[in-house]
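First the structure, in the form of structure tokens, and then the observations on it.
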Amino acid sequence: MNHGFLQDVLAGLRLPQKTLPPKYFYDAKGSEYFDQICQLDEYYPYRTELGMLPDVAGELKQYFSGKSLDNIQLVEFGAGSLHKVKPLLKKLPVITEFVAIDISGEHLKNASADLAESFPKLQIKVAQGDFTQPIELALSQATSMGFFPGSTIGNFEPEEACEFLRSARTTLGKESYMLMGVDTKKDEQMLERAYNDSKDITARFNKNILTRMNRELDANFHPDQFEHLAIYNQELGRIEMHLRSCTRQEVEVAGESFQFKEGETIHTENSYKYYPEEFDRLASSAGWKREKIWLAPDGIFAIMLLHN
Ligand code: AVI
């Protein structure tokens, strides 16, 4: 049994507002659902960012300064399916090394075998692990650039986001860069539609965590006794995902029982949205300086280049 997973689940379900850490969404099935979410019309962050990346990659070099730029070591945090790195690799042949860090090892291994076929000269390293923790990288002479697309930073609490940015600075070393995708505050309807898609893929993604606990933690959740809920919390500037119990029920996890009232929720994810200036303040409190911002039409998504 995965001990860290069990400890986190028990601790979260014992809270007055039952909570689960969103990083546990991403088992093999959850990663598949997430890939499907990315193909949805309603889920604008993925396609918007992917559409921006070729131009961003084309312009990147002019914002680099300092160290030699003949070699860039690119480090992707939470690498997943490796779709987003391709436009960078195509436009920036100076990227000679690529390190992919992700929690879902199997998914990443398949994706990186694919990448190696398309970019045979690229040195690829795969690291399975929790990228929120500092990681020892064998840093070469190359300039390091972190890559954290998809607005995954939004799934951290602001203090955790700051902590992550600080630890990424340590991981990447002096004179490094960081290219980040950040989802922006916008029209509430557009936000809520992105997390309540008409094909119910996001609902399946959310409920998959129950199936995962049943399988891995000897739990007995009935996924059909919970419903998916995603709402924008304007005060806190975040989409919240919950699983709402349809009835009064009792569930066991590894021998411990938990009571649910009808309508009670498990809070499974926050997805924070930032005004660019808000994000600048966060990055600078972690020691990064914004070098450049690219905004999608109507400002619905931002890509930022930070400099250490
Ligand atoms: C991975 N992360 C940035 C996604 C998001 O938008 O917060 C996860 C997600 N949750 C529901 N849909 C997508």
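To check my understanding: the extent here is largest minus smallest coordinate of the Cα atoms along each principal axis. What are those three numbers for the stretch 39-126, in Å, largest first?
Its Cα atoms span 38, 28, 21 Å along the three principal axes.
Find how much the distance from LYS199 to ALA28 grows on full extension, using 0.36 nm per residue of separation minus their present alpha carbon separation; answer in nm with one decimal.
On the way: separation 171, 0.36 × 171 = 61.56 nm, distance 2.01 nm.
Answer, rounded to one decimal: 59.5 nm.
Would you mind checking the tilt of helix 276-285 against the longest principal axis of the Cα atoms of the chain, expressed as 0 to 90 degrees and rounded to 10?
That works out to roughly 80 degrees.
For a bin width of 10 Å, list the pair-distance distribution of the stretch 100-174 built from all Cα-Cα distances, rounded to whole %.
With 10 Å bins starting at 0, P(r) equals 16, 45, 33, 5.
Could you work out the percent of alpha carbon pairs in the chain separated by over 30 Å, rounded to a whole number? Provide the component values of the computation, followed by the final result.
Values: 15809 of 47278 pairs.
For the chain, the share of Cα pairs beyond 30 Å comes to 33 percent.
Over 31 Å between C-alpha atoms is what I'm after, so list which of LYS84/LYS261; LYS121/LYS185; LYS109/LYS186; LYS29/LYS61; LYS29/LYS261 land there. Write out the running numbers ahead of the final one.
Values: LYS84/LYS261 42 Å; LYS121/LYS185 40 Å; LYS109/LYS186 36 Å; LYS29/LYS61 37 Å; LYS29/LYS261 29 Å.
Violating the 31 Å Cα-Cα cut-off are LYS84/LYS261; LYS121/LYS185; LYS109/LYS186; LYS29/LYS61.
Can you give me the angle between helix 201-217 and the longest principal axis of the chain, using Cα atoms only, in degrees from 0 to 90, rounded to the nearest 10?
70
With only alpha-carbon pairs counted, each pair once and no self-pairs, how large is the Kirkwood hydrodynamic radius of the stretch 144-265 in angstroms?
Values: mean 1/r = 0.0586 Å⁻¹.
Taking every pair of different Cα atoms in the stretch 144-265, averaging 1/r and inverting gives 17.1 Å.
Within the stretch 152-204, which chymotrypsin sites (Phe, Trp or Tyr not before Pro) sit in a loop by DSSP and count at most 14 neighbouring Cβ atoms inside 10 Å?
Working: sites: PHE156, PHE164, TYR177, TYR195; in loops: PHE156, TYR195.
The qualifying sites: there are none.
Of the listed peptides 145-151, 56-62, 267-273, what is their order by residue-averaged count of other C-beta atoms within 10 Å, with the highest listed first? Walk me through the intermediate numbers first.
Numbers: 145-151: 23.3, 56-62: 15.4, 267-273: 21.3.
Per-residue mean Cβ counts within 10 Å order the peptides as 145-151, 267-273, 56-62.
When the Kirkwood hydrodynamic radius is evaluated over all pairs of different C-alpha atoms of the stretch 48-186, what value in angstrom, to one decimal, is obtained?
On the way: mean 1/r = 0.0654 Å⁻¹.
With all distinct Cα pairs of the stretch 48-186 included, I get 15.3 Å.
Could you order peptides 213-219, 72-78, 293-299 by the average number of other Cβ atoms within 10 Å of their residues, highest first? Working shown, then result.
Details: 213-219: 16.6, 72-78: 23.9, 293-299: 13.6.
Packing order, densest peptide first, comes out as 72-78, 213-219, 293-299.
Show me, for the stretch 44-56, the HN-Hα J-couplings you get by feeding each phi into the Karplus relation (A = 6.51, B = -1.76, C = 1.60, θ = phi - 60°), rounded to Hz, glycine and proline as x.
5, x, 4, 5, 5, 5, 4, x, 7, 4, x, 5, 4
Any chance you could look up the accessible area of GLU250 with a 1.4 Å probe, heavy atoms only, rounded to 10 Å²?
100
If you wrap the stretch 254-294's Cα atoms in a convex hull and average its projection over all directions, what's the area in nm²?
Values: hull surface 25.2 nm².
Averaged projected area of the stretch 254-294's Cα convex hull equals 6.3 nm².
The values are calculated or read from the model by the stated rules, or taken from the named source; none is laboratory data. Only a predicted model underlies this, so the values are computations on that prediction, with no experimental measurement involved. Note that each Cβ is placed from the backbone with ideal geometry, even for glycine, and that neighbours are counted across all protein chains shown. Surface accessibility is based on the protein's heavy atoms, side chains included, excluding ligands, DNA and RNA. Shrake-Rupley method; radii C 1.70, N 1.55, O 1.52, S 1.80 Å.
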